[in-house]
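Report on one structure; see the data block that follows.
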Amino acid sequence: APSPLSPQEDTSGTFVQLRLGLAQTACRKRAPQRHCRVLESRRKPVCLACYKFDTSDVPKVLDKYHNCGPSHHLAAKEIRQRDEAECRAVEEAGKGGDTLYLPGMFAFSRGLPA
């Protein structure tokens, strides 16, 4: 089975899933530095992002989903299950003739040059 972090090719496009851990640092936003000390005592939310790109020469986003939830949350299992369901829906974007409209499907299409 392919790694969950690697792009997966299918005829409807490329599906990419990323899981990121965020950490608060001691650096200020106004003066970013290369090496910032991580504040160990702070919460470290985990973010999940899923994107589905079409197969055109300049790939367009067919659908996307992202969510950052605190890792300590009591409902972490429910959040994970919802994230997995949302990502499965993103992965299915562009497949089949009866394509359903999914929330976020055209979120990137506005405001970009044609």
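The values are calculated or read from the model by the stated rules, or taken from the named source; none is laboratory data. The model shown is predicted, which means the values in this text are computed figures rather than measured ones. With ideal geometry, Cβ positions are generated from the backbone for all residues, glycine too; neighbour counts draw on all protein chains shown. These accessible areas exclude ligands, DNA and RNA; they are computed on the full protein's heavy atoms, side chains included. Shrake-Rupley method; radii C 1.70, N 1.55, O 1.52, S 1.80 Å.
Normalised per residue, the accessible area of region 14-92 is 75 Å², obtained with a 1.4 Å probe and no contribution from ligands, DNA or RNA.
Taking the convex hull of the alpha carbon positions in region 14-92 and averaging its projected area over all directions gives 7.2 nm². Summing Lys and Arg as +1 and Asp and Glu as -1 over all other residues whose Cβ lies under 12 Å from the Cβ of Val90 gives a net charge of -2. Using C-alpha pairs below 8 Å separated by at least 6 residues, the relative contact order for region 14-92 is 30 percent.
Take the Cβ atoms of Asp57 and Ala31, set R0 to 35 Å, and the FRET efficiency comes out at 0.30. Taking the charge dipole of region 14-92 about its Cα centre, with +1 at Lys and Arg Cβ atoms and -1 at Asp and Glu Cβ atoms, the residue from Ala89, Leu18, Ser41 reaching farthest to the positive side is Ser41.
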